[in-house]
1. Going through 136, 161 one at a time, which residue ends up being part of a helix (DSSP H, G or I), farther than 19 Å from residue 349 by Cβ and touching a helix residue (DSSP H, G or I) at 6+ places or on another chain (Cβ under 9 Å)?
2. For residue 181, state whether it is without any contact (Cβ under 8 Å) to a residue 60 or more places away in the chain, assigned to a helix (DSSP H, G or I) and more than 23 Å from the chain's Cα centre (by Cα).
3. Just one of 315, 243 is at pLDDT 85 or above, within 30 Å of residue 229 (Cβ to Cβ) and either touching a helix residue (DSSP H, G or I) at 6+ places or on another chain (Cβ under 8 Å) or surrounded by fewer than 24 Cβ atoms within 10 Å (Cβ to Cβ) (or both); which is it?
4. With the requirement that a residue be surrounded by fewer than 18 Cβ atoms within 10 Å (Cβ to Cβ), in contact (Cβ under 8 Å) with a residue 24 or more places away in the chain and under 26 Å from residue 28 (Cα atoms), what does the stretch 199-218 give you?
5. Based on this model, can you work out whether residue 221 counts as closer than 19 Å to residue 345 by Cα, surrounded by fewer than 24 Cβ atoms within 10 Å (Cβ to Cβ) and either in contact with a strand residue (DSSP E or B) (Cβ under 7 Å, 6 or more places away or on another chain) or free of Cβ contacts under 8 Å to residues at least 24 places away in the same chain (or both)?
6. Answer with yes or no whether residue 151 is touching a helix residue (DSSP H, G or I) at 6+ places or on another chain (Cβ under 7 Å), in a helix (DSSP H, G or I) and more than 26 Å from residue 350 (Cβ to Cβ).
7. Checking the structure you have, find out if any residue of the stretch 169-178 is in a helix (DSSP H, G or I) and more than 29 Å from residue 325 (Cβ to Cβ).
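The values are calculated or read from the model by the stated rules, or taken from the named source; none is laboratory data. What you see is a predicted model; the values in this text were computed from it and never measured. With ideal geometry, Cβ positions are generated from the backbone for all residues, glycine too; neighbour counts draw on all protein chains shown.
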């Protein structure tokens, strides 16, 4: 059965104002938001190809230095939970500009960090203040009509995915030739320049929530409780991001091992290979608009599962590794776009909070995946990493297939139909 929004118990949203109508969103604005998403989300992923270099600087093991990647994603999760909901209460443009300036300061702090402890602290704050894309995506959804929402969100998300993956390529090259600290200085400069551009070009976007901050946060629980579709999407997102993160956090260790003997610049190039997954963003959005979110979501999950099977048996061969990276990133993009298209159709006045619930779960998964990936690499090497990714992919499929649907045992009572 399809998810039925009208049959879902409606949560109580305090002090919501009527949502104004908007003219069609301009293509130039969509591209601006996409580029911004890519540049800001890159802050979270610069460290991944640099982990081995950072470990050498501070004399740390692979498993311990992977804490930098994990804590950055923990910070991003905290930003999603406590900052992104403000997009339904505060004017989004002003909030975005303030976050970008804070991110610039924290990136400079990471570049300067004289100890590993200070680098970890700066990484946590970088994650918190880099939650800007999760304010821009609901903003894009609010500006788009129902008929084009999936396509618009898909385009903005293509910028996000390109930022995630190309950031690894740039970071790996800069780290190999100029040192890992240089990359954080560059990131700080990019945030300052981006702040100036957005101050001139980004339109103001008024909120629809007039209650207190406490009531805003309480409504997150209300939304989660009353919308089974949101819960299902959040759990699927958690599983898929966990597997995705386990792979990308440990890839640099695999490539620098005796299997390949590559360095951080080559490891970063795999981000460029994976960026081909951005091509799936418009396709996923159109599929969600035309055939429903579940159609594209199921395809994406199966692609991710298949990619980890290929990584397990073919990852020791360069051709197999490259092919698996492309399949994994296409699958991940399709699941993510489909999930967001599904949740944004639930309650238009609460899109920032819906996105908060979904993305908080997703980055809890990403943090968990980074940690489990690091542990799996330390104890079982590449087969362990592939097993972690495969287990999360299968779990995501089972959740989407059975959770909150009629005929699924206990979950029957949770169904929205």
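1. Working: 136 fails: farther than 19 Å from residue 349 by Cβ.
Step by step, each of 136, 161 is checked, and only 161 is part of a helix (DSSP H, G or I), farther than 19 Å from residue 349 by Cβ and touching a helix residue (DSSP H, G or I) at 6+ places or on another chain (Cβ under 9 Å).
2. Details: without any contact (Cβ under 8 Å) to a residue 60 or more places away in the chain: no; assigned to a helix (DSSP H, G or I): yes; more than 23 Å from the chain's Cα centre (by Cα): yes.
No; evaluated as a whole, the condition is false for this residue.
3. Numbers: 315 fails: within 30 Å of residue 229 (Cβ to Cβ).
After ruling out the rest, the residue left standing is 243.
4. Answer for the stretch 199-218, where residues must be surrounded by fewer than 18 Cβ atoms within 10 Å (Cβ to Cβ), in contact (Cβ under 8 Å) with a residue 24 or more places away in the chain and under 26 Å from residue 28 (Cα atoms): 199, 201, 203, 204, 206.
5. Numbers: closer than 19 Å to residue 345 by Cα: yes; surrounded by fewer than 24 Cβ atoms within 10 Å (Cβ to Cβ): yes; either in contact with a strand residue (DSSP E or B) (Cβ under 7 Å, 6 or more places away or on another chain) or free of Cβ contacts under 8 Å to residues at least 24 places away in the same chain (or both): yes.
The answer is yes for residue 221.
6. Details: touching a helix residue (DSSP H, G or I) at 6+ places or on another chain (Cβ under 7 Å): yes; in a helix (DSSP H, G or I): yes; more than 26 Å from residue 350 (Cβ to Cβ): no.
The answer is no for residue 151.
7. Within the stretch 169-178, the subset in a helix (DSSP H, G or I) is 169-178.
From the residues that got through so far, the ones that are more than 29 Å from residue 325 (Cβ to Cβ) too are none.
No: zero hits.
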